[in-house]
Structure formats: structure tokens, C-alpha cells
2 protein chains.
Amino acid sequence: MARRANKPTLIAVGGHEDKAENPEILQSVADRLGRKKVIVATLASNAAKDAWEDYKKVFGGLGVEAVHLNLESRTEALDETSISILDGAGGIFFTGGDQLAITAKLGGTLLCQHMHGLFMKGNLVIAGTSAGASVLSETMLVSGDNERSHRAKALLLMAPGLGFISGVVIDQHFAERGRVSRLLGIVAQNPRTLGIGVDENTAVLIEGDTFDVIGDGAVYVVDGHPITHTNLSEQEADKTISIFGVRLHVLGRGDRFHLHERTPEPPKEDASS
Amino acid sequence: MARRANKPTLIAVGGHEDKAENPEILQSVADRLGRKKVIVATLASNAAKDAWEDYKKVFGGLGVEAVHLNLESRTEALDETSISILDGAGGIFFTGGDQLAITAKLGGTLLCQHMHGLFMKGNLVIAGTSAGASVLSETMLVSGDNERSHRAKALLLMAPGLGFISGVVIDQHFAERGRVSRLLGIVAQNPRTLGIGVDENTAVLIEGDTFDVIGDGAVYVVDGHPITHTNLSEQEADKTISIFGVRLHVLGRGDRFHLHERTPEPPKEDASS
């Protein structure tokens with residue numbers, strides 16, 4: 001057992017994680033780096049330098065050395081020399097902004113392939129916040145209407161993500177931006193996909209087949225398996241779609257979710273109190 | 001059968017119903033008035049005169065005579081003379097604003113008692129939009145946080161409503177203001193209560209034990225019966241609450257819901273097409 005590699009670990013943060021008073025989510029990232037450095041990837045940001053400075057400072061305060069990854073072009077990540085940033089790294093943290101800016105530069109590059117390899121062996125924690133959380137899954141949500149119930153023809157812009165986890169779509173800033181309608185729309189399109197909506201200053205810590213909830217807000221799990229009826233295919237495109245029988249879970253700090261069985265589990269009774 | 005009274009009819013509108021291009025919801029109200037006049041009750045509004053002028057014009061355009069109910073004080077509604085406004089009325093329409101302004105003036109008055117009597121006999125349609133929709137139920141939601149997941153100590157201000165329907169709480173402007181979290185919070189408090197969230201320019205037409213969806217948006221039904229776990233009672237008040245196993249339905253135009261069985265029903269196939 002002692003020599004066995006760690007489980008692949010993903011941390012998807014719903015945005016606006018506390019960086020000052022109680023940086024518990026970034027502390028959770030730091031705790032899983034095995035005393036190695038963290039790569040702060042600001043590819044999504046149009047203010048990359050500011051984002052880098054912020055996270056460098058917070059991780060520094062948590063005793064973690066940070067290095068900056070901000071590709072000027074895709075070409076850099078195709079080159080063998082780009083891989084050297086992974087030397088001595090325990091994890092990578094994708095900051096927020098535009099998820100397509102991450103995938104367009106990083107997706108399918110040599111650097112990204114090496115990240116996958118280290119991740120699968122449990123040797124590189126992959127974390128991200130906001131756009132950096134959405135980008136972690138095989139299929140990602142890029143944008144969609146927050147303010148209307150879902151229409152068949154509504155703009156739900158999806159794209160291939162970085163593919164660190166399959167079968168789920170991760171949405172962020174969830175309660176804060178009222179995004180349940182768009183996540184329901186995605187799940188209705190194909191109930192095979194499990195919808196995971198993460199509030200701000202909240203995260204899912206995915207290890208193998210389970211995730212745990214950390215942070216201050218809630219995580220919404222939209223399970224479409226029990227759906228008995230939708231009219232997505234048969235109707236006029238501008239009609240609000242009907243979705244009968246969705247199973248919805250609201251998870252808070254300490255709750256666990258089993259992805260394969262699609263079942264939530266409350267925290268064990270605290271024996272220490 | 002011909003002499004049997006109509007079923008009691010309630011129409012709860014999610015706010016911002018179309019009053020110009022396609023006033024289908026107000027047309028549905030008009031269709032159920034039995035060619036009688038409608039009472040436009042602007043008690044909730046702090047711009048009562050404007051609201052009255054607007055609705056007078058729209059109902060006029062639909063061929064319905066409107067009369068104005070705007071109590072200056074509660075005393076008026078305690079007096080026998082107040083009841084005369086009900087003579088020849090087929091329905092009452094409560095406009096939006098502050099639901100407590102409706103209940104504080106009208107609740108428990110002689111006028112309100114007479115409304116109940118006529119409603120129960122199927123002789124007075126009761127309709128309302130926005131605050132005027134929330135006020136229809138036995139217990140009503142007055143206000144609650146739209147922008148965070150529900151905390152046990154969060155301000156979910158509830159109050160006794162006008163009591164035309166029991167066992168449900170009606171929320172409005174639902175997708176537009178991202179209100180699913182607060183409705184989940186109410187249902188978690190007591191899963192006996194069925195949560196009904198109505199989008200703008202959308203309505204539930206409640207006749208007896210069923211309701212039909214009309215209008216452009218969606219109606220969300222939050223059914224707490226299958227909830228397997230909440231930690232509402234056992235936790236620190238500022239912790240986000242967990243709610244496992246909620247059943248959620250999204251209903252669109254033409255869908256029906258059976259309140260007693262808590263089951264949705266899609267529209268019958270349109271044989272005319």
C-alpha cells in the first residue's frame with residue numbers, strides 16, 4: 001500500500017474562493033500538493049499578471065511555492081521544453097476567465113498530455129476555479145442564458161473540455177447567478193450527463209469515484225436518470241422545455257457524493273465532540 | 001350537471017405578463033369571468049393609480065369591464081358597504097408589489113370572507129400576479145435571499161396569506177431571479193409543502209386538484225416528499241443546508257400537474273394537426 005500511487009485528484013471551485021480571511025479551499029489544494037510547488041495557470045484570464053500576483057501571494061502565505069504558466073501561444077505548449085514546468089510540481093491551478101482560452105491553447109498539446117499522464121498516476125492534483133473548474137470535464141459548458149427557463153434553441157454553448165473527468169458537466173457561481181435552469185437544460189439534452197453546480201467559495205474535491213464538498217456554499221447535483229418525460233425533440237424550438245422527474249441533491253460542507261451510484265452521503269457523526 | 005357550480009379557480013401569474021403583443025394570460029383570466037366584470041385590486045402597489053390605469057386598459061381591450069379596489073384603510077373592508085364591489089363581478093385580479101400590504105388590509109375582513117365564499121362556490125375567479133400570486137396560498141413567502149444557497153438562519157420571511165389554497169407555496173419571477181435555492185429552503189423546512197415557482201409571463205391555472213401551465217416560461221414544482229436527508233435541525237445556523245433526494249419537475253405550456261398525487265402530465269397528442 002505504501003508504494004501505491006495516490007488516486008487522481010481534481011478540485012473544482014465555484015469561483016470567488018476566499019483568499020484572505022479563511023482561505024480554506026486554497027488550503028485544501030495546498031494540503032494535497034505533497035509539499036511540492038503549484039503551477040498557477042492564468043490562460044483563461046485577460047489580466048493574467050494580476051491573477052498570477054494574487055495567487056502567488058496567497059499560495060505563498062500557505063507555504064507553497066508557485067510558478068506561473070501563461071502561454072503566449074499554443075506553439076509553446078507543443079514544444080518539449082514546455083514540459084519542464086511540470087518538474088517538481090504537485091499540482092496545477094487554473095484561474096478564472098474564459099474557458100475556451102484555456103482549451104484553445106492547451107488542449108491536445110504535449111504539455112497537456114503530460115499533465116494527463118501525471119494526473120492519472122495520482123502525481124499531479126488538477127484544480128481550477130470558475131472557468132478553470134468548468135474546463136476540467138470531457139464536455140464543458142461555455143455559456144448559456146442564466147435568466148430564462150431553458151428553450152430547445154437557446155444558446156447553450158458547449159465545447160470539449162480538458163477531459164480530466166467524464167460523464168459530468170460542472171457549472172460554477174451557481175446559486176449566485178441562478179444557473180439551475182441552464183444546468184437542467186444540459187441534463188435534459190442527455191440524462192447520462194450528471195450536472196454539478198458549485199456555489200462561490202465552495203468546491204468539490206473529486207478523488208476517484210467520490211467527491212467531497214468543501215467551503216461555505218452548496219453543491220447542486222442534477223441527476224437526470226429518473227426523468228420520465230421531456231419534449232426536447234418534438235417541439236418548436238422556442239418553447240420552454242418540460243422536464244419531469246429530475247432528482248436534485250443540495251450538498252453542503254462535509255457531504256460526500258458517489259458518482260457511479262449517484263448517491264449522496266452525509267458526514268459521519270463527529271465522534272470527537 | 002348543468003346547474004352544478006364551477007370549480008373554484010385560481011390563476012397565479014409569475015409577474016410581467018404580456019399586456020400588449022400577446023396578452024394570452026390576461027385573456028385566460030378574461031375567458032373565465034363568465035362575461036362579468038373584473039375587480040382590479042391594487043392594494044400591493046405603491047403606484048396604485050398607474051397599475052389600475054394599465055389593467056383597466058388591457059382588460060378593456062379584451063372586452064372586460066374593470067372596477068378598481070384600492071383600500072385606503074382596513075376599516076373600509078370591515079364595513080358591509082365594501083361588499084357591494086363584488087356585485088356582478090366574475091373575478092378579482094391582484095396586482096404586484098408588496099404582498100404584506102394586501103394581507104394587512106384585506107386579511108380577515110368581511111370583504112375577504114365574502115370573496116372566499118364566492119370563490120368556494122366557483123363564482124369568483126381569484127387571480128394575481130407577482131406579489132398578487134404569492135398571496136393566494138395559506139402560507140406565503142414574503143422575501144428571501146435570491147443569491148445564496150439556503151442557510152438555516154437565512155431570512156426566509158413567511159407570513160399567513162389569503163388562504164385560497166393550502167399545502168403549497170408559490171414563488172414568482174422564478175428563473176429570472178434565480179429563486180430555486182430559496183424555494184428549496186422552504187420545502188426543506190417542511191416537505192409537506194409543495195413548492196411552485198412560476199416564471200414571468202407564465203401562470204398556473206388551478207382548478208380543483210389540478211393545475212395547467214399557460215404562458216411563455218416554465219413552472220418549477222419542488223416535491224420534498226422523497227427527501228431522504230436534511231441537516232436543518234442539527235447544525236450551526238450559518239451552515240449551508242444539505243437536502244438529498246428532492247424531486248423536481250419543470251413544466252411548460254400545456255403541461256398539467258395533479259396536486260394530490262404530485263404527478264405531472266404532458267399534453268395529450270394534438271389530434272387536430
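Figures for the structure shown
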{"item": "Condition check for B:E147: assigned to a loop (DSSP other than H, G, I, E, B), within 10 Å of chain A (Cβ to nearest Cβ), surrounded by fewer than 24 Cβ atoms within 10 Å (Cβ to Cβ) and modelled with pLDDT under 90", "result": "yes"}
{"item": "Residue, farthest from the other protein chains (Cβ to nearest Cβ), within region A:200-220, restricted to residues that are outside any strand (DSSP E or B) and surrounded by fewer than 22 Cβ atoms within 10 Å (Cβ to Cβ)", "result": "A:G208"}
{"item": "Residue in region B:61-89 that is nearest to B:N46 (Cα to Cα), counting only those that are among the polar types (S, T, N, Q) and surrounded by 15 or more Cβ atoms within 10 Å (Cβ to Cβ)", "result": "B:N70"}
{"item": "Checklist (1) over 30 Å from A:T109 (Cα atoms); (2) away from every other protein chain (no Cβ under 11 Å); (3) crowded, with 18+ Cβ neighbours inside 10 Å applied to A:F244, failing item", "result": "(2)"}
{"item": "Output for region A:233-268, where each listed residue is outside any strand (DSSP E or B), modelled with pLDDT of 95 or more and among the aliphatic types (A, V, I, L, M)", "result": "A:L259"}
{"item": "Any chance A:T228 is buried (at least 24 other Cβ atoms within 10 Å of the Cβ), farther than 23 Å from B:G185 by Cβ, facing another protein chain (nearest Cβ under 9 Å) and of a type in the set (V, I, T)", "result": "no"}
{"item": "Filter result for A:G15 (touching a residue at least 60 places away in the same chain (Cβ under 8 Å) and assigned to a strand (DSSP E or B))", "result": "no"}
{"item": "Qualifying positions in region A:90-129 - crowded, with 22+ Cβ neighbours inside 10 Å and in a strand (DSSP E or B)", "result": "A:G91, A:I92, A:F93, A:F94, A:V125, A:I126, A:A127, A:G128, A:T129"}
{"item": "Filter pass, A:A133 being more than 14 Å from chain B (Cβ to nearest Cβ), assigned to a helix (DSSP H, G or I), among the small types (G, A, S) and farther than 19 Å from A:H16 by Cβ", "result": "no"}
{"item": "Any hit, region B:39-53, residues being part of a loop (DSSP other than H, G, I, E, B) and in contact with a Lys or Arg (Cβ under 9 Å, 6 or more places away or on another chain)", "result": "yes"}
{"item": "When residues of region B:7-48 are limited to those that are out of contact with any helix residue (DSSP H, G or I) (no Cβ under 7 Å at 6 or more places or on another chain) and β-branched (V, I, T), the one nearest to B:L111 (Cα to Cα)", "result": "B:T9"}
{"item": "Test: residue in region A:172-186 that is among the polar types (S, T, N, Q), within 21 Å of A:P23 (Cα to Cα) and either crowded, with 24+ Cβ neighbours inside 10 Å or within 13 Å of chain B (Cβ to nearest Cβ) (or both)", "result": "yes"}
{"item": "Yes/no for A:P191 being of a type outside the set (S, T, N, Q) and either away from chain B (no Cβ under 14 Å) or buried (at least 24 other Cβ atoms within 10 Å of the Cβ) (or both)", "result": "no"}
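The values are calculated or read from the model by the stated rules, or taken from the named source; none is laboratory data. Given the structure is predicted, the values throughout are model-derived calculations rather than measurements. Positions of Cβ are generated from backbone atoms using ideal geometry, with glycine treated the same way; all protein chains shown enter the neighbour counts.
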